[in-house]
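Take a look at the structure below.
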Amino acid sequence: MDKEKPKGLGRGLTNYGDAGFSLYLRRSFAKSMGYSGEMLARPTIGIADSRSGYNNCHRHFPELIEAVKRGVFAAGGLPLEFPTVSLGEVFLSPTSMMFRNLMAMDTEEMVRAQPMDAVVLVGGCDKTVPAQLMGAASADRPAVQLLAGPMMPTTFRGERLGACTDCRRFWAMHRAGKVDARGIEEVEGNLATTAGTCAVMGTASTMAALAEALGMALPGTAAIPAVHADRLRAAEASGRRAVELTHTPIRPSQVITEKSIGNALRVLLAIGGSTNAIVHLTAIAGRVGVKIDLKRLNDLSDSTPVLIDLKPTGQHYMSDLHFAGGLGAVLRELKPLLNLDAMTVAGETLGERLEREEHAGAPWVDRAVVRPFAEPLAKEGGLVALFGSLAPNGAILKRSAADPTLFEKEGRAVVFTSLDDLAARIDAPDLDVTADDFLVLQNAGPKSGYAMPEAGYLPIPAKLARAGVKDMVRISDARMSGTAYGTIVLHVSPEASVGGPLALVRDGDRVRLSVKNRCIDLLVAEDELAHRRAAWRAPAAPPARGYAKLYMDHVLQAEHGCDFDFLRKA
Ligand code: FES
């Protein structure tokens, strides 16, 4: 073995002060698992397995990982799977977002600390793919992202249902008294019925699309349903490709670059993707030293049309995108806007990939799902960043899933000072609120103690919901599920808990929203604000220890991707 560049099991030896002894001991212990010397001489391919009993989206991973191993063996490698933190979106308290950085650290450290020449990252549920990409970018070992794939929608009483836009629609009807308790129980059993990630263009599907757009997942693999045989073939191909990567110089730092991040931003806008994805993409970019400027997002948004008709922006499901031509169909429409020389883990540039697909004949595209560039679903991109006296460092609105009649509006603030306050009062019969008011939630940002939960989708007060109100302007420093919809201003920065202007809003203040001007302003005189600022006290944070303390001490604001300050590339 080349002592200068150890490979396979010879990488990163455990330190006993004698390298020869360390390798001998490692090989001896590896042989205890029944491997032959020939197998142990192969390139080792780590498989980062994020399955858990608390993660419904990943329940098919045993079969998927078997297919990865098949590909690794076939290409002459030795597959070695290892567990990492698993983040099942709805099973974590206070929110999975708090633990994304923990999983990213786990992934980075285990990829670096264990002997592997390349790694296949197997993830899918919302925070798992960003965490794996963040970790892989920092570890910078050759890596392929394998996605869980979306779950299939279910036909229920003649209607297609899929988590989780339909979850919210039925819950809103239940709150409005249009679906009774028995009805909602029946729906509950029919929203998520297969393995895989949420069925719509929520955060998981968006991050899958971005992983492919970044070039970290193999071409054509983002939208394959979790239960389709093609998903297993994608797994086999990912394992095979990981072995091939060990013979190339392609590492995440060559794939995740300013150019590929620009491509991912275009795709995010064209698919009407999740607001969460801008936070995650910012964090991934930060790991390779690339800054995503929200003003740049607005420039791109103005020139990137929404091309796919998927919930929550449109009507179809993620599995429909696969059968309509996959992400490749979207990328080919966007081709004039993309950086075609961006490298991918497949060993070809994005441009070479698209040319290959074009030369393979006219690929099938279902235009009901993927629109031509000239006939988009919307002329402008799905997300816009807002700035103004209420959000000096920015806020995000998903305009493609919002009510345009509310885009240019001034309203009276109805303020909730915390999530507990919201829960206690939102449905109170005597709540002073009308449909023209703006609901404002404070202290739900990254450092709030709630870890920026997906609470920005404030419920319509019950009395208004019963009267037929379906949307209102809602403003907070929280996030929103990618499967949700509404005129909802999110990620207001600086957040209220660190004394941002959001903390100074009082009931009855006037707030102005202008999507056209990209503005969100608090219409209160500066001397009054100065008075309130002087009286402001940070809310008491619960005592933190362990990881919670690390999180509270180091988490950054939304415009920095909520990464930890010490994890970003200088
Ligand atoms: Fe896993 Fe929605 S709960 S993707």
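The values are calculated or read from the model by the stated rules, or taken from the named source; none is laboratory data. As the structure is a prediction and not an experimental result, all values here were calculated from the model. Here the Cβ is made from the backbone with ideal geometry for all residues, glycine too, and neighbour counts use every protein chain on show.
Does residue 172 satisfy the criteria of being more than 23 Å from residue 72 (Cα to Cα), in a loop (DSSP other than H, G, I, E, B) and in contact (Cβ under 8 Å) with a residue 12 or more places away in the chain? The answer is no for residue 172. Scan the stretch 316-338 for residues that are touching a strand residue (DSSP E or B) at 6+ places or on another chain (Cβ under 9 Å) and not in a helix (DSSP H, G or I) and the total you get is 4. Of everything listed in (1) assigned to a loop (DSSP other than H, G, I, E, B); (2) among the small types (Gly, Ala, Ser); (3) within 23 Å of the chain's Cα centre (by Cα), the single unmet condition for residue 548 is (1).
Which residue out of 262, 196 is within 16 Å of the ligand (Cβ to nearest atom) and out of contact with any Asp or Glu (no Cβ under 9 Å at 6 or more places or on another chain)? That would be 196, the only listed residue that is within 16 Å of the ligand (Cβ to nearest atom) and out of contact with any Asp or Glu (no Cβ under 9 Å at 6 or more places or on another chain).
Here's the yes/no breakdown for (1) within 18 Å of the chain's Cα centre (by Cα); (2) surrounded by fewer than 24 Cβ atoms within 10 Å (Cβ to Cβ):
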{"site": "202", "(1), (2)": "yes, no"}
{"site": "214", "(1), (2)": "yes, no"}
{"site": "231", "(1), (2)": "no, no"}
{"site": "238", "(1), (2)": "no, no"}
{"site": "254", "(1), (2)": "no, yes"}
{"site": "295", "(1), (2)": "no, yes"}
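Within the stretch 43-102, the residues that satisfy the criterion of being of a type in the set (A, V, I, L, M, F, W, C) and either under 16 Å from the mean Cα position of the chain (by Cα) or within 16 Å of the ligand (Cβ to nearest atom) (or both) are 57, 61, 64, 85, 87, 90, 91, 92, 97, 98, 99, 102. Out of curiosity, is residue 109 charged (D, E, K, R) and more than 21 Å from residue 163 (Cβ to Cβ)? Judged against the criteria, residue 109 is a match. Of the candidates 66, 38, the single residue that is surrounded by fewer than 13 Cβ atoms within 10 Å (Cβ to Cβ) and part of a helix (DSSP H, G or I) is 38.
Any residue that is more than 16 Å from the ligand (Cβ to nearest atom), crowded, with 24+ Cβ neighbours inside 10 Å and either touching a residue at least 12 places away in the same chain (Cβ under 8 Å) or assigned to a strand (DSSP E or B) (or both) - is there at least one of those in the stretch 144-159? Yes - at least one qualifying residue is present in the stretch 144-159. Kindly evaluate residue 16 against the criterion of being among the hydroxyl-bearing types (Ser, Thr, Tyr) and not in a helix (DSSP H, G or I). It is true that residue 16 is among the hydroxyl-bearing types (Ser, Thr, Tyr) and not in a helix (DSSP H, G or I). Within the stretch 283-302, does at least one residue satisfy the condition of being of a type in the set (Lys, Arg) and more than 16 Å from residue 383 (Cα to Cα)? Yes - at least one qualifying residue is present in the stretch 283-302. Just one of the listed residues (184, 224) is buried (at least 20 other Cβ atoms within 10 Å of the Cβ), more than 14 Å from the ligand (Cβ to nearest atom) and touching a residue at least 12 places away in the same chain (Cβ under 8 Å), and it is 224.
Residues of the stretch 482-517 being part of a loop (DSSP other than H, G, I, E, B), touching a Lys or Arg at 6+ places or on another chain (Cβ under 9 Å), under 18 Å from residue 385 (Cα atoms) and more than 16 Å from the ligand (Cβ to nearest atom), which ones? The answer is 486, 487, 495, 515. Report yes if residue 232 is away from the ligand (no atom under 16 Å from the Cβ), at pLDDT 95 or above and in contact with a Lys or Arg (Cβ under 7 Å, 6 or more places away or on another chain), otherwise no. Taking the combined requirement at face value, the residue does not satisfy it.
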